[in-house]
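Presented below is the structure to which this report refers.
The values are calculated or read from the model by the stated rules, or taken from the named source; none is laboratory data. Keep in mind the model is a prediction, meaning the values are calculated, not measured. We place every Cβ from the backbone using ideal geometry, glycine too, and count neighbours over all the protein chains shown. The protein model used for the area step is the full one, side chains on, heavy atoms only, and it has no ligands, DNA or RNA in it. Shrake-Rupley method; radii C 1.70, N 1.55, O 1.52, S 1.80 Å.
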Amino acid sequence: MDFEKIVTRSKEVGIEDIEIYAGTSIGTSISLFNGEVDKFTVKDLEVVSIRGIYQGKMGYITTEKLSDDDIDSLLESLKQNALMIEAKEESIIYEGSKEYRLLPHKENPFLKVSSAEKIELLKTLEKSIKETDPRIKQVSNCSYSESVSEVRIINSKGLNLKKSDFYGFMMAAGVARTESEVTSVFDYQIKDNFTSFDPVSLGQEIAKATVSKLNADTVASKSYPVVLKNDVVADLIGAFKGMFSGEMLFKNLTLLKGKENTQIMGENISIIDDPFLEEGLSKSSFDDEGVACNEFEVVKDGVFKGFMHNLKTAKIFKTNPTGHGFKPSIYASVGVAPTNLYLKPGTNEFDALLEGIEEGIYITQVEGLHAGIDPVSGSFSLKSSGFLIEQGKLSRAVKLIVASGKFLELFNQVEQIGNDLRFTYSGIGAPSIKIKQLQISGK
Amino acid sequence: MITKNQAKEILNAGLAYGADFVELYFEDTINQSIECSGGLIQKSNTAKVSGVGIRVLKEDKEIYGYTNNLNHDHLISLATSLGEGFLGSRITEAKELVAIQKPIHTKIRKHPLLVSSSEKTALVKELYEGAKTYSDEITQVVVNLVDKIQTIWIFNSDGLFATDERTNSRISAQVVASANGIMETATDNFGKNQGYEMFEEINLTEFGRKIAESAVTMLHAPEMVGQVLPVVIHNAFGGVILHEACGHSLEATSVAKNLSVFSNKLGEKIASDIVTAVDDGTIEDAWGSLNIDDEGTPTRRNVLIEHGILKSYLIDKRNARKMKSLSTASARRESYKFSPTSRMTNTFFENGKDTFEDIIKSTKYGLFAKKMGGGSVLPTTGEFNFAVNEGYMIEDGKITHPVRGATLIGSGSDVLLKIDAISDNLSFGHGMCGSLSGSIPANVGQPTIRVSSMTVGGRGGK
C-alpha cells in the first residue's frame, strides 16, 4: 500500500493528523504426533492499521485488503469512527521522542534452518519424553513454531520508525497413565536462536514433571504456608497487571487509584518493566505510538511508584508518557501494556524456600486464569496442583485443590524469594516465592 | 472474490505432489466495535479481515498455509509449495465444483451495516443507564457492542463449493460496585446469530439493572468457605459445566489421538441416567448456529449423550479420516488464519422432569450457583474449573445468603455421573470459546441441575 498517498489524501479529506501502523508477519509451525509430522503450517500476512484525528477525535480502521483503490473508503470509515467518539479527552499523534535507545541488531537465524532440521528437533524432544520414564504413554502438543514480525509506524508529524522481532518456540506435554490415573504436564522453551534449543533436557524435565504428578490426592481445606513456582507467580502478575495501567486508572478500574508512592506490597517486593532486558521476550525501543521505551519501576521495595501510561492517559493525568502505549492486537486501539514485566529475584536456592515448612503446599500450576480471577477486585480462586511439603521437603503430589487469595495481600506475605527468575510465554517474569499463608480448598 | 475456474486451478496445484484433498477457505469479514465507559463512547473501531487458508491433506496428515495476498499467481505458488511437502506425485485431479444446497437457520432483518451510529449509541447508553442508576455503589459501567459480518467461500477438490454470509451481534457489560475500598465486578452479555433485530427481544435497561444488582449483592456477600458439597447449577450460562466438563473432551481434536478421557467409550455409560446432552448447530438465530460448518457441511443436531450413554463425538473431516468415521458438521475456525477442527455450536443438556423449586427444596445443604463465569478443561485428564459469578448458600431447602469468590473444580468423568436432578427450564448463555482453531461464538445451555457433590474453592473460613 502507498503510505505516502494515505497521508496526502487524509489532508485532502479533512483529517487533521494521521498515523499508519503496518505489521507484517511470516511464520512456520510444525506439530509432531507419534514420530510423524501431523500438521505443518505457514503464514504470510501484512496488516495495516490507520488512526487519525478528525474533528478532534481519534478514529481507527484496520484492513487486510491492501489496495490503494480502497484508501478513500478506509478514510471515510475512519472519519465515521471518529465521529462516534463522545469522550472529551485530547487525541494525540506523536512527533517522536528526542532519542531512542536502540536494541542490538541481529540477523534472523531461523531463515537458515531447514524444515527437516526443525522436524528432527521435535522427534528428539518426543523421544526424550518417552524414553525418560516407562509410565509416559503418550506425548501431546509436541510442536515448534517460529515467527518473524516487522512493524512500521509512519505519521503526518514526520515519525517514521521500524522494528522487527523474531523468536522460536518449542513445546510438548507428557501424558502418564496408570490404571486409575492420568497426568499431563506441558513445558516449553522460547529462543531467539535455533541452536539454543535443548530438546533432550526439556524432554527429560517434562517426563519427570509428568510422572511426579502420579499418585496425587487432594488435601484438607485450610490455610497453609505455600511455595509458588516461578511460572505461577508470573501467571498471577500477568492476570493482575492491569492494576498498574493508566488506562484502567482512567476507567476507574484499578484498586491502586490514589496509591502512588504508598506501600502496597511487602518491602521485599520490587516489580520492574525493562524493555531492554536480555532474557525478556518483549524487547522494544519504542511503543506502538512511537514513544521511546525505558526501564520503569512499577513497585520498589513494596512502594507503588506510579502507573504506566500511553500518550492519551499521560495527558489526562498530567504526566509524561512512559512508553507503554501498546495495542493488544493490531486490530485494536492503543491501550497500555508492559514490555518485560518481572518480579525482581532474590538469592535463595529453591530448596531454601521449603525449609522450615512443617506442612505446606508447593503449587506448580494454576488453571482458569481467564475465569477464576477478578482483575478489578484483585481476588483469585484458582484450580491448582503441585506437591505437599512435609518437614521442609517435597512429598506426594497434590491435585484438585483451589488456591484463593487477594493479589496485593499475597505480595504482603512473601517470606522468601527464589533466584530462579523465568519468563513465561506471556512475557512476564518471576522467581518462585514462599508465602506465609494461603487459603486452600480441597476436601 | 474468486471464480470457480481460478479455484479449480489452485486446487489442482495443491494436488500436484500426491495430496488427496485440497480445500480453499476464502474470507471477507467486517468487524465493528464500540466501547462506552463512564457513560461516553470512548472507542469505535472497524477491522476488515480478508484472506485465504489453503489446506492440503494426505490421509490424515495436514499442511496448511494462510495469507492475505490474494494475487492468483501467489495462491497457485502457495498451494504448490504446500502440496510439495508430501513429496510424491499426483494421484488425483480436482473434481467439477458444484454449489451445495444449504439450509438457512438465520434470517437477518436488520443488517449491522444499515444501523446508524446514533442507534448504536442509544443501545449502549440504555444498558449503561440501567446499570448505573441501580445504586450509588455502582462506580463504573463499561459496555461493548460488537457486530461481525463474515462472508466465506469454501472450495475443495472433492467438488464442493459452498458460500455463506454469517452475521452476529453481541452486547456485553462489565459493572463494578465499590464500597470501603473493596471492588466487585459483574459481567453479562447477550448475543445472537442475527443483526440488530436481536434487540427487539431484550430490555436493555432491565438487563443492565440485573448485572448491577449482581455486582452490589456480591460486594456485600461473605466469601465462600471452601468445602465439598452438593451444588445446584442454574440454567442458561450454567451450561458452561457441560461445555467444560464434557464438551471439549468429546471433540475429535483430542478423541482422535486417544488423548481424551472419553476416547473409545462410545456406547458406554459416562453420565447418570437422567442426562441427555446435545450439540445442535441448527437452532434458529442462536448464538452458536451455522448454516454450514467451516468445511462446508450443513450443520445438524448431534445427540452426544442419551440417558447417560455416550452416543457421538464431535468430528470434522480430517479427524473423521483418523477415526474412520464421518464428519458431524463440527468443523469450526475463528478465521482463515486457523485450520478448522472439531468444536461445539449450541451445546446443552435436555430438560429433565424436576422443577427448579423442587430441586432447591430437596437440597438440605449446598451451593446455588446462579450465574456462572468462564472455565477451562484439560481433555487429557478431564479436570476442569469454572468460576461462580453469583452464588448463594442453600440451607434446609431454602436459598439463604449470597457468597462470593466460589470456584468449582472436578473431573468430567466424575461430575457427569453425579448429576442427580435436572429441571425443566432449559435456556442459553452466549460465550466465546477459545481453543486450537481460535475464538468462536459458542452457545451453552441447560436447565437447572444438581451435582450431588463437588469441590468448591473460596477464600472464606480459616
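Miscellaneous remarks
- Some residue of region A:91-108 being among the aliphatic types (A, V, I, L, M), buried (at least 16 other Cβ atoms within 10 Å of the Cβ) and out of contact with any strand residue (DSSP E or B) (no Cβ under 7 Å at 6 or more places or on another chain): yes
- Selection within region A:92-120 - modelled with pLDDT of 95 or more, under 30 Å from residue A:295 (Cβ atoms) and either in a helix (DSSP H, G or I) or among the small types (Gly, Ala, Ser) (or both): A:96, A:97
- Beta carbons closer than 6 Å, at least 6 apart along the sequence or on distinct chains, pair a first residue in region A:28-47 that is over 18 Å from residue B:436 (Cβ atoms) with a second that is of a type in the set (Gly, Ala, Ser) for A:45/A:25; A:47/A:23.
- Restricted to region B:95-122, and to residues there that are outside any helix (DSSP H, G or I) and charged (D, E, K, R), the residue that is farthest from the other protein chains (Cβ to nearest Cβ) is B:96.
- Boolean, residue B:439 is open to solvent by less than 40 Å² (accessible area, probe 1.4 Å), in contact with an Asp or Glu (Cβ under 7 Å, 6 or more places away or on another chain) and in contact (Cβ under 8 Å) with a residue 12 or more places away in the chain: no
- Positions within region A:46-73 being more than 23 Å from residue A:149 (Cβ to Cβ) and open to solvent by less than 10 Å² (accessible area, probe 1.4 Å), in sequence order: A:52, A:59, A:71
- Residue identified as open to solvent by less than 20 Å² (accessible area, probe 1.4 Å), within 12 Å of chain B (Cβ to nearest Cβ) and either modelled with pLDDT of 95 or more or at negative phi (or both) among A:398, A:402: A:402
This table checks each residue for (1) more than 23 Å from residue A:431 (Cα to Cα); (2) buried (at least 22 other Cβ atoms within 10 Å of the Cβ).
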{"site": "A:246", "(1), (2)": "yes, yes"}
{"site": "A:251", "(1), (2)": "yes, no"}
{"site": "A:256", "(1), (2)": "yes, no"}
{"site": "A:263", "(1), (2)": "no, no"}
{"site": "A:273", "(1), (2)": "no, yes"}
{"site": "A:277", "(1), (2)": "no, no"}
{"site": "A:281", "(1), (2)": "no, no"}
{"site": "A:290", "(1), (2)": "yes, yes"}
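- Scope region B:69-109; condition open to solvent by less than 90 Å² (accessible area, probe 1.4 Å) and basic (Lys, Arg); matching residues: B:102
- Flag: residue A:409 matches the condition of being under 24 Å from the mean Cα position of the chain (by Cα), under 21 Å from residue A:230 (Cβ atoms), open to solvent by 10 Å² or more (accessible area, probe 1.4 Å) and free of Cβ contacts under 8 Å to residues at least 40 places away in the same chain.
- Considering A:168, A:174, A:203, the condition of being assigned to a helix (DSSP H, G or I), crowded, with 16+ Cβ neighbours inside 10 Å and small (Gly, Ala, Ser) is satisfied by A:203 alone.
- Scanning region A:121-165 for residues that are small (Gly, Ala, Ser) and in a strand (DSSP E or B) yields A:140, A:143, A:145, A:147, A:149, A:164.
- Of the residues A:282, A:180, the single one that is of a type in the set (S, T, N, Q), farther than 30 Å from residue A:152 by Cβ and not in a helix (DSSP H, G or I) is A:180.
- Only a single item in (1) among the small types (Gly, Ala, Ser); (2) open to solvent by less than 30 Å² (accessible area, probe 1.4 Å); (3) within 14 Å of chain A (Cβ to nearest Cβ); (4) on the phi > 0 side of the Ramachandran plot is not met by residue B:412, and it is number (4).
- Residues (open to solvent by 50 Å² or more (accessible area, probe 1.4 Å) and outside any strand (DSSP E or B)) located in region B:284-315: B:284, B:300, B:307, B:311
- Qualifying position, being touching a residue at least 12 places away in the same chain (Cβ under 8 Å), under 30 Å from residue A:85 (Cβ atoms) and within 11 Å of another protein chain (Cβ to nearest Cβ), among B:43, B:48, B:61: B:48
- Any chance residue A:182 is open to solvent by 30 Å² or more (accessible area, probe 1.4 Å) and either among the hydroxyl-bearing types (Ser, Thr, Tyr) or within 14 Å of chain B (Cβ to nearest Cβ) (or both): yes
- Inside region A:424-443, residues that are within 12 Å of another protein chain (Cβ to nearest Cβ), open to solvent by less than 20 Å² (accessible area, probe 1.4 Å) and assigned to a strand (DSSP E or B) make up a count of 3.
- Test: residue in region B:150-173 that is facing another protein chain (nearest Cβ under 10 Å) and open to solvent by 40 Å² or more (accessible area, probe 1.4 Å): no
- So residue B:396, is it on the phi > 0 side of the Ramachandran plot and open to solvent by 10 Å² or more (accessible area, probe 1.4 Å): yes
- Verdict on residue A:46 being in contact with a strand residue (DSSP E or B) (Cβ under 7 Å, 6 or more places away or on another chain) and under 30 Å from residue A:251 (Cα atoms): no
- The residue list A:305, A:315 contains one member that is touching an Asp or Glu at 6+ places or on another chain (Cβ under 8 Å), open to solvent by 70 Å² or more (accessible area, probe 1.4 Å) and farther than 30 Å from residue A:53 by Cα, which is A:305.
- Meets criteria (modelled with pLDDT of 95 or more, in contact with a helix residue (DSSP H, G or I) (Cβ under 6 Å, 6 or more places away or on another chain), open to solvent by less than 10 Å² (accessible area, probe 1.4 Å) and facing chain A (nearest Cβ under 10 Å)) for residue B:10: no
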